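Participant: Would you mind keeping the following structure in view while I ask a few things?
None of the figures in this text is laboratory data; all of them are computed from the coordinates on show. Small disclaimer: the values here were computed from a predicted structure and weren't measured. Every residue, glycine as well, gets a Cβ built from its backbone with ideal geometry; the counts of neighbours run over all protein chains shown.
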């Protein structure tokens, strides 16, 4: 939310407003305890770490299978050129995922979209571990695996922005970017050791990894998409009326932790 300097100076004197004045763009934290900017240190960092874990998993799954291409040739009765398309079709799904889910996440919530997309990735990853799967079936499963994992790129970044003031975003977004880079080369290294055992374990452990990520999202990640403009308008009108007896509970719009999803208290 961008404010002029005069508006910013006036807002700084409004009781109950915490304002980020590090840059020319001001982010106003409301008095609402459900505002992600007002959450505790532990709660914010739980969201950030889950966002980084989701992004790590997205890049990890793309490279961990590469050292197993030779084994997949024999399993799928395919040529090496055909097996190379496994990487390409996953990347295609990863490109399509954010395009399809970005506006949905902004409208209906980041948490529910991220959980649903991770469920798609989990089921698709389980399908790739089937011993009797055909080459076409394997390729289709890898596409949907990329489609389900792809939204973690943009949604996880949005989650970090939701819980951070602007002067905090540099370090936190840096961790988010590092998690992707680590996932890409860690997948190749781990995949090399797994290829010494069996190509099936590449998908077995990926399925376990996606299940762990999904569990963390379901239990410890609250909704972070917050109707800031509506709440700020409510607070402004309440100050104009000078009615301090009306609190945030009177806003009928459900938000963040009020939404009906199972979330452990942190």
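Participant: What does the convex hull of the Cα atoms come to per residue for the stretch 26-130, in Å³?
Facilitator: Each residue corresponds to 140 Å³ of Cα convex hull volume.
Participant: Right, next: Specify, per residue and in Å³, the volume enclosed by the convex hull of the alpha carbon atoms belonging to the stretch 59-179.
Facilitator: Given the Cα convex hull of the stretch 59-179, per-residue volume reads 96 Å³.
Participant: I'd like the distance separating the alpha-carbon centroids of the stretch 24-54 and the stretch 105-124, in whole Å.
Facilitator: Each part reduced to its Cα centre gives a spacing of 20 Å.
Participant: Taking neighbour counts of Cβ atoms within 10 Å as a proxy for exposure, in what order, fewest first, do 107, 224, 30 appear?
Facilitator: Ascending Cβ contact count within 10 Å gives the list 107, 30, 224.
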